[in-house]
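As C-alpha cells, the structure follows; a few thoughts come after it.
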Amino acid sequence: MTAPEPLELKSAAGRGVLFSTILASGMAFLDGTIVNVALPHIGADLNSTVAGLQWTINGYLLTLAAFVLLGGSLGDRLGRRKIYVIGIVWFTVASVLCALSPTIGMLIGARFLQGAGAALLTPGSLAIIQASFRSEDRGRAIGMWSGFSGISTALGPFVGGLLIDALSWRWAFLINVPLGVLAILASLRWVPESRAPEANTRFDVTGAVLAALALAGITFALIEAPDDGWGAPLVVGAIAIGIGCAVAFVLVERHKGDAAMTPPTLFRSRVFTVLNLYTVAVYGALSGQSFFLAVMLQNVAGYDAFQAGVATLPSTVLMLLLSARSGELATRISPRWQLTIGPVIAAVGMILLRRVGPETNYLTDVLPGVLLFGLGLVTLVAPLTTAVLGAVSMEHSGIASGVNNAAARAGALIAIAALPLLVGLTGESYQVPAELTSSFRSAMLWCAGLMVVGAGLAVFFCGGVVAAMWHRAVTFATTPNHSVHPVQDKP
C-alpha cells in the first residue's frame, strides 16, 4: 500500500486524525498518572505487600519496554491504523480485566496484558501523524498533539483522585473504557491506513522475547529477594534466566545486524550509547520518586487520593508551560548544559522532598521540592529527546527514538524493582508510617544520586560532541520528507 494523500490540518479529516491520536495517547498518559495515585488503595483493598505494588507498576512497564519496538515494526509493515486500533482494543479490554481483578495476582497478570496493548498503541500515534499530514502542517500537528496529550496528564490527578475517593480504585482502570471506545470509533472513522514500503519483512520476535525474559528475570529477583532471600531457588533461577537471556539478546542482535530489533550499528556512536545510559538513570529516578511519593503522601502525610494527585501537579504545569522554551534555549547554548544542570536541579528537589512526614505542611515541605523537580525535568527532557535523534544518521532516527523510549521504560522498571530492596521496604511495612518514612527518605537520596549520575555522564562523556549532534537533529526536525516513525514521548 502506498502512502495516503497528505491531509491539511484545517480539514475535517485532518482534525479527525488529530483528535483520534490525542484521545488514545492521552488515555495511556492518564492511566499512568492515575495508577500511581491508586497504589495505596489497591494495597489496602487487595491485602498486597510492597512486592505486589511493585509488580502492579512493573508488569505494565515490562511488556511495554520489551515489545514497543516490535509494535512499531508491526505497524510499519502490516498497517499503522490496523495495529493502532488493535492496540487500543487490547489496552481497553485489559483495563476492564484490571478493574475486575479480585486478587493482586490477577491484577498483576492483567497489567502485563495492558502493557502489551500499550506496546501496540504507543508507537502508533506519532507515526500516524507523520504519515497522514502534509509536510507544512506536520510540525504544528505534532505540537498540538504534544500539548493536548500533556493536558491529559495534568487532568489525571484531578479525575483519578476524585474517582478513587468517591468510588473505588477500580475506576482508575474503568475510565479507560469510554475513552477507548471513543478512540476506536474515531480511528476507524478518520485515520487513513498507511504502511512503510521499505519496512523489513521479518520481525525480530526472538529479540523481543529475549529482552522480555531478561528484564523479567532481573526484575523478579530484585522484587522477591527481600522476602525470599538471595539464595532461594526461584531468585537464583530468575537471576540465571535474566543474565542468560541478556547475553543471548546481545549475541542474537549482533548476528542479525541491521535486521535486529536494536541494530548494533546504533551503538557505534558513543554519544548515542551514553545518552541511553543517561536516560536509564534519569527516568529511573523519576519513576522511583513517583512511586514512593504517591504512597508517602497518603499513608504518612494523611492526604486522600485527590490531594496526593494534585500535590504533584505543579511539576506537570511547568512541563506544559516551559518545555517548548527549553527546546529553543538548547538550540542556542548546546544541550550539554541543560543535560547537566537539569538533573542537578531535580536532585535538589528530591532532597527537599525528604521533609515530607506525618506533620507535612504543603507550602513548605512539598511544594518547593515539587517545583524544583519539575524545573529539572523541563530543563532536560526536550534536549535529551532531540539529542538522541541527532546522535545517529537520519535513516536510523525512528529506531533510535524507539530504543531510547525502551531505555526509559527499562530504567523505570529496574528502579521500582530495586529501590524498596535498597531502602529496606518489604512486606506490608509501607502501611507502617515510621518504617515508610525512613524508607522514603532513603529512597529520595538514591533517586537524587541517579540524577547526579546522569549529570556526570553529560559532563564527562558527551562533551562538545553533543552540540554537533544537536545541529544535525535540528536539521532532521525541519526536514519535511524524512521517513521516520517516531514513538511516543516518554514522560
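Set side by side, the residues S25, S11 differ, and just one is under 19 Å from G124 (Cβ atoms) and of a type in the set (S, T, N, Q), which is S25.
Would you confirm whether or not the stretch 6-26 contains a residue that is in contact with a Pro (Cβ under 7 Å, 6 or more places away or on another chain) and buried (at least 20 other Cβ atoms within 10 Å of the Cβ)? Looking through the stretch 6-26, none of the residues is in contact with a Pro (Cβ under 7 Å, 6 or more places away or on another chain) and buried (at least 20 other Cβ atoms within 10 Å of the Cβ).
In the stretch 260-355, counting only helices (runs of 4 or more DSSP H) that sit wholly within it, the ones holding 2 or more residues that are crowded, with 24+ Cβ neighbours inside 10 Å, among the polar types (S, T, N, Q) and touching a residue at least 40 places away in the same chain (Cβ under 8 Å) span 270-299.
Is it fair to say S125 is in the same structural domain as T21 (by TED's automatic domain parsing), buried (at least 24 other Cβ atoms within 10 Å of the Cβ) and in contact with a strand residue (DSSP E or B) (Cβ under 7 Å, 6 or more places away or on another chain)? In short, no. Within the stretch 92-120, residues that are assigned to a helix (DSSP H, G or I) have Cβ atoms under 7 Å from residues that are charged (D, E, K, R) in these pairs: C98/R111; A99/R170, counting only partners at least 6 apart in sequence or on another chain.
The sole residue among L30, L46, L62 that is touching a residue at least 60 places away in the same chain (Cβ under 8 Å), over 30 Å from F133 (Cβ atoms) and within 17 Å of the chain's Cα centre (by Cα) is L62. Taking the listed residues V280, V295, V250, the one that is among the aliphatic types (A, V, I, L, M) and over 21 Å from L70 (Cα atoms) is V295, with no other qualifying.
For the stretch 188-217, the candidate set comprises residues that are aliphatic (A, V, I, L, M) and over 19 Å from A246 (Cα atoms); within that set, the residue that is modelled with the highest pLDDT is L188. Within the stretch 405-436, the set of residues being of a type in the set (S, T, Y) and part of a helix (DSSP H, G or I) comprises S429, Y430. Every listed requirement among (1) under 19 Å from the mean Cα position of the chain (by Cα); (2) modelled with pLDDT of 85 or more; (3) closer than 25 Å to T312 by Cα; (4) of a type outside the set (A, V, I, L, M) is met by N36 save one, (2).
The values are calculated or read from the model by the stated rules, or taken from the named source; none is laboratory data. Please read all numbers here as calculations on a predicted model, not as lab measurements. Cβ: placed from backbone, ideal geometry, glycine included. Neighbour counts: every protein chain shown.
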